[in-house]
Amino acid sequence: REKEIVACIVQGMTNKEVASQLFISINTVLTHRKNITRKLDIHSVSGLTIYAIVNGIVRLDDVKLQ
């Protein structure tokens with residue numbers, strides 16, 4: 001489930017959008033995000049994006065550029 005959360009975050013979704021997309025509560029999204037940052041020791045969306053691309057969680061084409 002955490003990989004799905006990472007993929008959504010990297011695609012530029014807000015916590016509310018992630019919760020809606022995955023049919024879970026916002027609190028669950030926040031808990032997953034906290035666990036992800038703790039496990040990976042990555043505390044920024046940009047760092048998480050690089051990690052997700054390098055590890056094949058998302059493709060570069062899926063990343064939303066702002």
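Structure summary
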{"item": "Hits in region 23-61 (condition: part of a helix (DSSP H, G or I) and either of a type in the set (D, E, K, R) or touching a strand residue (DSSP E or B) at 6+ places or on another chain (Cβ under 8 Å) (or both))", "result": "Arg33, Lys34, Arg38, Lys39, Asp61"}
{"item": "Any pair with Cβ under 9 angstrom, 6 or more apart, that starts in region 1-17 at a residue that is open to solvent by 30 Å² or more (accessible area, probe 1.4 Å) and ends at one that is of a type in the set (Ser, Thr, Tyr) and in a helix (DSSP H, G or I)", "result": "Arg1/Thr28; Met13/Ser20"}
{"item": "Residues of region 18-51 classified as within 14 Å of Arg1 (Cα to Cα), in contact (Cβ under 8 Å) with a residue 24 or more places away in the chain and open to solvent by less than 60 Å² (accessible area, probe 1.4 Å), total", "result": "4"}
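The values are calculated or read from the model by the stated rules, or taken from the named source; none is laboratory data. All of these numbers come straight from a predicted model, not from anything done at the bench. We place every Cβ from the backbone using ideal geometry, glycine too, and count neighbours over all the protein chains shown. In case anyone asks, the SASA skips ligands and DNA or RNA and just uses the protein heavy atoms, side chains included. Shrake-Rupley method; radii C 1.70, N 1.55, O 1.52, S 1.80 Å.
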